[in-house]
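A.B. asks: One structure follows; several queries about it will come next.
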Amino acid sequence: MVRTSRDLFEGRKIKALWVDTMNHIISWKRDLFWSACLLMFVSVIGVAKNWHLVSSSFRGDLDTLLEKHRTERRQSEYKGIKTVTLDEAHALWQAGQTLIIDARHVQDYQELHVPGAVNLPPESWANLTDPPKIAGLSRQRQILIYCSQESCDDSLKLASKLFNLGFTQVMAFSGGFRAWDEAGYPVDTGS
Amino acid sequence: MKRAIRLIPALEWPLRPVLGIGLGLAFFYAGVQKYLAPYEFAEAILAYQLLPKVLVGLTAAIFPPLEMAVGGLLVLGYLAEAWGRLARSRRTFGESLPGGMSRRTSLLLIILQLGVFILVLVITMARGLKIDCGCGLFMDRQVGFGAIVEDLFLLGLTAWLYWMESKDVPESKAVLESVIPGRMKP
């Protein structure tokens with residue numbers, strides 16, 4: 001069979017494609033090696049910088065450490081905002097004199113919420129004087145706000161905003177809906 | 001349509017550094033946010049309930065500097081190439097410098113990180129957990145389709161940038177040039 005210049009060119013193209021692919025693989029392996037080196041380097045820096053966090057985690061003290069830092073941060077960020085425990089929140093709900101605000105997203109509120117709570121999701125906080133749920137309220141009205149769980153700050157953020165608007169009896173339930181639900185207290189569904 | 005296809009190679013040079021620098025800056029910024037608040041980041045990792053607590057501290061310590069390093073090196077790598085082109089008018093100047101190496105290494109690490117993020121987000125969504133994502137540029141965002149779509153888009157972009165970088169590996173060019181003379185000439 002006679003090989004034409006076109007066949008030779010096609011052969012070269014296939015060889016070029018093969019070499020190209022092989023070079024991609026070689027390059028990929030070499031990049032992986034340098035990636036591992038970079039990962040090790042930043043790991044050493046990261047662990048050295050956050051040794052307290054890493055060692056606490058290894059010792060099993062992570063929860064205590066995070067709780068301590070969370071409390072310190074909240075005390076400085078949300079000065080003057082009163083927080084209540086699960087039992088206190090339940091007592092306030094039972095008394096029925098407190099406006100309870102759910103600061104979670106609409107979808108979460110509709111799924112389950114504390115009975116009687118009104119929803120003020122984060123997207124509505126831009127203009128808090130507008131929502132009819134707040135507009136006509138007395139500034140001395142007792143308000144209890146909760147969000148999803150202990151680690152979320154939304155209840156404190158909203159409490160701080162309302163406090164700055166002149167509401168003097170604002171409280172945040174730090175345990176959040178998760179603590180309420182896990183305690184087996186009543187819950188409601190829908191809007 | 002044909003005109004648009006012809007425009008793609010012409011746009012490739014300005015498009016790659018612009019997208020690469022944008023990606024690098026986004027990762028650097030996301031890393032800085034977490035680096036400055038390691039305890040909050042550890043809480044965000046805990047909320048996913050995927051890692052044993054023993055490893056949470058280590059993960060919270062490593063990810064932020066990793067994001068900062070890959071983001072910073074990516075930006076520096078593209079700036080080195082842009083500087084090389086402007087200074088010497090040579091198309092391949094930056095590729096033969098550590099700039100090219102740092103770009104490929106950074107892009108590969110970004111691909112691996114995005115892969116992990118997507119996997120974690122999908123598992124979390126499948127488990128029905130409604131928690132703050134603690135990811136990307138917006139720490140307050142919740143886990144959901146938005147975060148997954150954003151990460152998939154970034155993964156596609158990073159994979160494309162990495163593939164284009166690999167095509168520019170100098171030895172690859174040299175071998176191809178020897179096989180088909182003139183193939184690699186602009």
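Just so it is clear, none of the values below were taken in a lab; they were calculated from the coordinates. Nothing here was measured: the structure is a model prediction, and the numbers come from that model. Positions of Cβ are generated from backbone atoms using ideal geometry, with glycine treated the same way; all protein chains shown enter the neighbour counts.
A.B. asks: What's the percent breakdown of Cα-Cα distances in region A:80-182 across 10 Å bins, shortest bin first?
C.D. replies: Distribution as computed: 16, 56, 27, 1 percent.
A.B. asks: If you don't mind, there's one more thing I want to ask. Treating chain A as a set of equal point scatterers at the Cα positions, no solvent, please give the Debye-formula log₁₀ I(q)/I(0) at q = 0.08, 0.10, 0.17 Å⁻¹.
C.D. replies: -0.48, -0.59, -1.08
A.B. asks: I've got another one for you. What is the set of long-range amide H partners of A:Ile100 at a cut-off below 5 Å, with H atoms built 1.01 Å from backbone N?
C.D. replies: Result for A:Ile100 returns A:Val118, A:Leu144.
A.B. asks: DSSP H helices in chain A with Cα extent of 30 Å or more along the helix axis and mean Kyte-Doolittle hydropathy at least 0.5? Each step should come with its number before you reach the end.
C.D. replies: Working: long enough: A:5-49 (64 Å, 0.37).
In chain A, no H run is both long and hydrophobic enough.
A.B. asks: Additional query: If we count every other residue with Cβ under 12 angstrom of A:Ser151's Cβ, Lys/Arg +1 and Asp/Glu -1, where does the sum land?
C.D. replies: Details: positive: A:Arg70, A:Arg73, A:Arg74, A:Arg178; negative: A:Asp63, A:Glu67, A:Glu150, A:Asp153, A:Asp154, B:Glu40, B:Glu43, B:Asp132.
Summing Lys and Arg as +1 and Asp and Glu as -1 gives -4.
A.B. asks: Taking the Cβ of B:Ala61 as the center, what net charge do the other residues with Cβ under 13 Å away carry, scoring Lys and Arg +1 and Asp and Glu -1?
C.D. replies: Details: positive: A:Lys49, B:Lys34; negative: B:Glu67.
Within the 13 Å Cβ shell, the charges total +1.
A.B. asks: Here's something else I'd like to know. Cα-Cα over 25 Å: which of A:Lys68/A:Lys157; A:Lys49/A:Lys161; A:Lys82/B:Lys34; A:Lys79/B:Lys130?
C.D. replies: Numbers: A:Lys68/A:Lys157 19 Å; A:Lys49/A:Lys161 35 Å; A:Lys82/B:Lys34 28 Å; A:Lys79/B:Lys130 28 Å.
A:Lys49/A:Lys161; A:Lys82/B:Lys34; A:Lys79/B:Lys130, as the Cα separations exceed 25 Å there.
A.B. asks: Still on this structure, I have one more. Just to be sure I understand: of the beta bridges DSSP finds with both ends in region A:80-182, what percent are antiparallel, rounded to 5?
C.D. replies: Numbers: 0 of 13 bridges.
Rounded to the nearest five, the antiparallel share is 0 percent.
A.B. asks: Counting other Cβ atoms within 10 Å, keep those with at most 11, restrict to DSSP loop, and tell me which trypsin sites (Lys or Arg not before Pro) in region A:17-107 are left. Mind showing how you got there, number by number?
C.D. replies: Details: sites: A:Lys29, A:Arg30, A:Lys49, A:Arg59, A:Lys68, A:Arg70, A:Arg73, A:Arg74, A:Lys79, A:Lys82, A:Arg104; in loops: A:Lys79, A:Arg104.
Sparse-neighbourhood loop trypsin sites (Lys or Arg not before Pro): A:Lys79.
A.B. asks: Calculate one ³J(HN,Hα) per residue across region B:116-129 by plugging θ = phi - 60° into the Karplus curve 6.51 cos²θ - 1.76 cosθ + 1.60, and present them in order as whole Hz with x for glycine and proline.
C.D. replies: Taking θ as phi minus 60°, the curve returns 5, 4, 4, 4, 5, 5, 5, 4, 5, 5, 5, 7, x, 6 Hz for region B:116-129.
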